[in-house]
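I have placed the structure first, in the form of structure tokens, so that the comments after it can refer back to it.
The values are calculated or read from the model by the stated rules, or taken from the named source; none is laboratory data. If you're wondering where the values come from, they're calculated on a predicted model, not measured in any experiment. Cβ placement follows ideal geometry from the backbone for every residue including glycine, while neighbour counts extend to all protein chains displayed. Heavy atoms of the whole protein, side chains included, go into the accessibility calculation; ligands, DNA and RNA do not. Shrake-Rupley method; radii C 1.70, N 1.55, O 1.52, S 1.80 Å.
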Amino acid sequence: MTPVEALQAWLALEHEAVWFYPVVGARRADLVDRASASFEQSRDVRDALESRLRALGAEPVDAELTYDVGPVTTSEQASAAAQSLEARIAAACVLLAGVADDGLRRYAVRGVTRAALAEQTWGAAPQAFPGLP
């Protein structure tokens, strides 16, 4: 996998997050503040990834029209789905760190950190090595 392919994989997940968090906020009034904060973070990361890809001469992947995130009718379901999404983002960042040069590797590590903290915000237990199975 190339660094551009790894960036695209990460971007695809941030597109999903930008779609997902407003759904959570709309369906779960008790989670609207957390969902709004997560949306803003993911939107900012998505925008930065698109800029970075364009700077590398690549066309960023497009968002899907919809995503299958499973049921989010209860707070527990929504939190579990958010944890899963952030864990997948952390894994994509770890993948990027493994194929990138020093500057991009540091960027990936910051992404892992952000995703791991977001995952904990949604109720996950801390992990020694976030993003790894």
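Between the Cα long axis of helix 32-55 and the first principal axis of the chain there is an angle of about 20°, rounded to the nearest 10. Computed from label points 7 Å out along Cα-Cβ, the spacing between Ser84 and Val109 is 3.1 nm. Based on protein heavy atoms only, the stretch 1-66 ends up with 54 Å² per residue of surface accessible to a 1.4 Å probe. What's the local net charge at Thr66, with K and R +1, D and E -1, over the other residues with C-beta under 15 Å away? Every neighbour counted, the sum reads -3. Size descriptor for the stretch 1-69, Kirkwood hydrodynamic radius: 12.6 Å (Cα pairs only, one decimal). Could you tell me which of rounded, prolate or oblate describes the stretch 94-133, using a ≥ b ≥ c as the square roots of the eigenvalues of the alpha-carbon gyration tensor, with rounded for a/c under 1.5 and, failing that, prolate when a/b is larger than b/c and oblate otherwise? Taking the square roots of the gyration eigenvalues as a ≥ b ≥ c, the stretch 94-133 is prolate. As an equivalent ellipsoid, the chain spans semi-axes of 25, 17, 11 angstrom, where each value is the square root of five times an eigenvalue of the C-alpha gyration tensor, largest first. Between 0 and 90 degrees, the angle of helix 102-121 with respect to the longest Cα principal axis of the chain falls at about 10 degrees. Take every pair of alpha-carbon atoms less than 8 Å apart whose residues are at least six positions apart; their mean separation over the length of the chain yields a relative contact order of 28 percent.
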